[in-house]
Amino acid sequence: MEQTSIYERNMELLRRAAEGDSDAEAALIEENLGLVRTVARRFLDRGTEYEDLVQIGTVGMLKAIRSFSLERGTAFSTYAVPLIVGEIRRHLRDDGPVKVSRIYKRQGVALMHEKNKILTEEGREPGIAELAARCNLTVEEAAISLDSISPVTSLSDFVYGEDSVTYEGVIADEESENESERICDRIALSQCINRLPSLWRKIVLMRYYRNMTQQQTADALGLTQVKISREEKKILAELRKELS
């Protein structure tokens, strides 16, 4: 009953939000803040504070609210997760310029000076080993230094010039796609488990979250091991049917 009421409340709020009700939008964000926090925890230890990640994820949630269609036939949480993930990943990707050591930058300038000198005086393109030797650097140091002064390529830049494909278009963001899919799968599974009868939920909790054996579960619930085994098969069949 509780799950049904939450679903119905979300649907009602989404209907009102679609009609421009800002109070409904605020209520939806509050109702689903736990979902935003769950997604944000996946991006900890990447240089951004947790609460900042939650705020950024909330922007993705707001975008989901404003673009969700009641005719989609999908759960709102399933629709919202990729938008929340995408908003956080976009922030992590675009948050400030790449920081490069000043030493490497100075070395890079010196290497380019030597390169231009050889081009001007001898009319040839020097190799990196020659440049490294002239500046008393290793080849590895020279490579890092030259790379540090190379312009950063934006994902929105064109690969082949104007009116062509962008780097973002040809680089597959598999990590983001897989991350969204994993989170959606967990949410869908959690929702299915919450709709199970009380006994089945207890069996799932003991067997798959507390790693108890069938016999230990049977003893805790006052049932037989055979009963637990039969019920477990029914539970798995029901979850497969729901998730399919």
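Readers should treat all values here as calculations from the given coordinates under stated rules, not as data from a laboratory. Being a predicted model, the structure only gives us computed values, none of them experimental. Note that each Cβ is placed from the backbone with ideal geometry, even for glycine, and that neighbours are counted across all protein chains shown.
Using R0 = 51 Å, the C-beta based FRET efficiency linking LEU221 and ASP45 works out to 0.80.
Placing a pseudo-label 7 Å from each Cα along the Cα-to-Cβ vector at LYS105 and ARG15 gives an inter-label distance of 5.8 nm.
Using r as the Cβ-Cβ distance of ASP23 and ARG90, and R0 as 45 Å, what FRET efficiency do you calculate, to the nearest 0.05? Plugging the Cβ-Cβ distance into 1/(1 + (r/R0)^6) gives 0.95. Report note on the peptides 122-130, 61-69: ranked by the mean count of other C-beta atoms within 10 Å, highest first, their order is 61-69, 122-130. Considering the range 4-81 at the alpha-carbon level, its Rg and Dmax are found to be 12.9, 39 Å.
Between LEU70 and LEU205, 0.36 nm times their residue separation minus their Cα-Cα distance comes to what?
45.3 nm
Here the Karplus relation 6.51 cos²θ - 1.76 cosθ + 1.60, evaluated at θ = phi - 60°, turns the backbone of the range 47-53 into coupling constants of x, 10, 4, 4, 5, 5, 4 Hz, with x for every Gly and Pro.
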